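Single-structure report; data block below.
The values are calculated or read from the model by the stated rules, or taken from the named source; none is laboratory data. Because the structure is a prediction, the values reported are computed rather than measured. Every residue, glycine as well, gets a Cβ built from its backbone with ideal geometry; the counts of neighbours run over all protein chains shown.
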């Protein structure tokens, strides 16, 4: 939009009474927490980093618009198990403290694609980590950054306590 960025457009939309309650989700290639906060301060309901993942977008739309998706399982459709709690994830086999620290560093930077890439590398290197990686990947893909950081911090602390 020449002469106007997304934040200014959002501010103007929020000033119009008939549009004040319309859901606005910002999306940017910049995934910094500052960029997210700027968008939220401008009046956006949420923020989705680019590249936009279909699953993350659908989950954000579900939560923002308070939708309930109705899914029809066709023949051969995979059934996705319900997500685990952080405590349940903590019972699965995690990677080494060094690998967890690397993941935490990426999460602390808000580098979700880096976390996902690292999880892919770990999955190829050690298939025993599959269940743990699947759960952490789901948290990362849904862009629950605070939860991802807390989960990884807890895992680092747990693995560090087990070291001789």
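Scanning the range 111-164 for residues that are in a loop (DSSP other than H, G, I, E, B) and touching a strand residue (DSSP E or B) at 6+ places or on another chain (Cβ under 8 Å) yields a count of 1. From the list 94, 51, the lone residue that is assigned by TED's automatic domain parsing to the domain that holds residue 23 and either under 27 Å from residue 155 (Cβ atoms) or at pLDDT 80 or above (or both) is 51. Among the residues of the range 36-57, the ones that are within 14 Å of the chain's Cα centre (by Cα), within 23 Å of residue 69 (Cα to Cα) and crowded, with 16+ Cβ neighbours inside 10 Å come to 6 in all.
When only residues in the range 16-35 that are assigned to a helix (DSSP H, G or I), surrounded by 10 or more Cβ atoms within 10 Å (Cβ to Cβ) and out of contact with any helix residue (DSSP H, G or I) (no Cβ under 7 Å at 6 or more places or on another chain) count, which is modelled with the highest pLDDT?
Residues of the range 16-35 that are assigned to a helix (DSSP H, G or I), as a first pass: 17-19, 33-35.
Now narrow it down to the ones that are surrounded by 10 or more Cβ atoms within 10 Å (Cβ to Cβ): 19, 33, 35.
So of that shortlist, the ones also out of contact with any helix residue (DSSP H, G or I) (no Cβ under 7 Å at 6 or more places or on another chain) come out as 33, 35.
Values: 33: 78, 35: 81.
The qualifying residue modelled with the highest pLDDT is 35.
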